[in-house]
Structures are given as C-alpha cells and as structure tokens.
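> I am attaching a structure below and will ask some questions about it afterwards.
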Amino acid sequence: MSAPKPLKFAAVARRIARDRASGAPAVVDCGICTRCCREPQRVALAPGELANPALRHDGKHLLRQPDGACTHLVDGACEVYGERPQACRKFDCRSLAVALSSALSAPGVTRAGFARVAPPRDAEDVAYATAVHRRLQWIVGQSPGVDAVDAGYAAAGISEDEVILARRELAAMPPAERARWVAEQVRTAAEFWCKVNDARE
C-alpha cells in the first residue's frame, strides 16, 4: 500500500486548530499504520476510563508489551478500538509534523505524521509555521525541560489570531528580508523532512 499524498501544511494546521478548539476527535487517514501504538509515550487514562474493564492499565496508563507496543495492539490492530481512550481518539500524529517542522532534533516524534504533511511551501504555509513555532518557543520558555513531543503537540493548536498576527508581521517585513525568512523556513523544514523520510526507509 502506497503512502497517502502529503497534505498542504496550512490546511493541516488549520484543521488541527479547529479540531482542538471544538474538542472533536482527530480524523486521520491512518490506513494500516499503527505507529502511534508503538511510540514510547505512555497513554494516560481519564478517571472514568480507569473503571473500564476492557482497558488494561497500571492505575494511570495503558500497559505496554515487552517490545514497547500498546498492550491492546494485537495482530496489527487495536483490539479495543471502539472503547479506546480519549487520548487515543484525539491524538493526531500530524500535529507533531506541523509543530516540529523546523526542529533538527525531536526524540520520540511520531514519524508517521511526517508522511502526511508537506513542508511549508508558500506564504500561507510560512505564516502558519511561524505562528506555531512562536507558540512552541513560548511553551518551552514557560516550562523548561518540557518533553519535546508534549510541547510540539500543544503548540500545534494555534488560534487564527496568532496566524493573522504572523501574517501581518511577515507582510510588514521589507521584501528582501521576508524572502530570506520564507526561504529559511522552507529550507529548514525541507531538510528535516528529508532526514525523517530517510530514517523511515
């Protein structure tokens, strides 16, 4: 099965922000991908989910298999998909691709997300990337030592106001400076994109 065609950066960022604001579950074309079920991040359960007998947990998180995969990943599929925790329902691997597109090192990042988001390519994409990266810097500044994945996931939920501000600031730059900024954003994201895809092959 071929990988899905990467979606436009700004379109994905806009959809993630809208889903976060509404509290809606993430809608991701996962296909047969189960990468998020194999990531090192532990899945925390809400108080009401701890009483669900279908979920195997340690009193706080879902259990893991010896190889690190989720305890409920069986034969390449989630055995409790209909009763999966809210943390699983709301997880969107593309959030990390959006937030960490300019990062050169992001341990534990869900690599599958990067196959679904194209790097920033035009002014609209760069405005979104700028707003997300500023939010990411703010989060890291407020919480030194915060987990890179947690920070990246949180940063992806930007507001439209933040994007508008970034767009205005970019528009106010002298043309040569703006061109350099856009080129730098695109270059850095493209380099990281190549590194991630090389690692996945």
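The values are calculated or read from the model by the stated rules, or taken from the named source; none is laboratory data. Because the structure is predicted, anything quoted here is derived from the model rather than measured. Cβ placement follows ideal geometry from the backbone for every residue including glycine, while neighbour counts extend to all protein chains displayed.
For every residue, the table says whether it meets (1) hydroxyl-bearing (Ser, Thr, Tyr); (2) modelled with pLDDT under 85.
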position	(1), (2)
PRO4	no, yes
GLU39	no, yes
GLU49	no, no
ALA54	no, no
GLY59	no, no
LEU62	no, no
ASP67	no, no
VAL74	no, no
SER101	yes, yes
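> Between GLY82, GLY76, GLY48, which is touching a residue at least 24 places away in the same chain (Cβ under 8 Å) and of a type outside the set (A, V, I, L, M)?
Values: GLY82 fails: touching a residue at least 24 places away in the same chain (Cβ under 8 Å); GLY48 fails: touching a residue at least 24 places away in the same chain (Cβ under 8 Å).
It is GLY76.
> Same structure again: Take THR130 and tell me if it is modelled with pLDDT under 75, among the hydroxyl-bearing types (Ser, Thr, Tyr), within 17 Å of the chain's Cα centre (by Cα) and within 23 Å of ALA21 (Cβ to Cβ).
Taking the combined requirement at face value, the residue does not satisfy it.
> Only one of (1) surrounded by fewer than 11 Cβ atoms within 10 Å (Cβ to Cβ); (2) of a type in the set (Phe, Trp, Tyr); (3) modelled with pLDDT under 90 is not met by PHE91, so which one is it?
PHE91 satisfies all of (1) surrounded by fewer than 11 Cβ atoms within 10 Å (Cβ to Cβ); (2) of a type in the set (Phe, Trp, Tyr); (3) modelled with pLDDT under 90 except (1).
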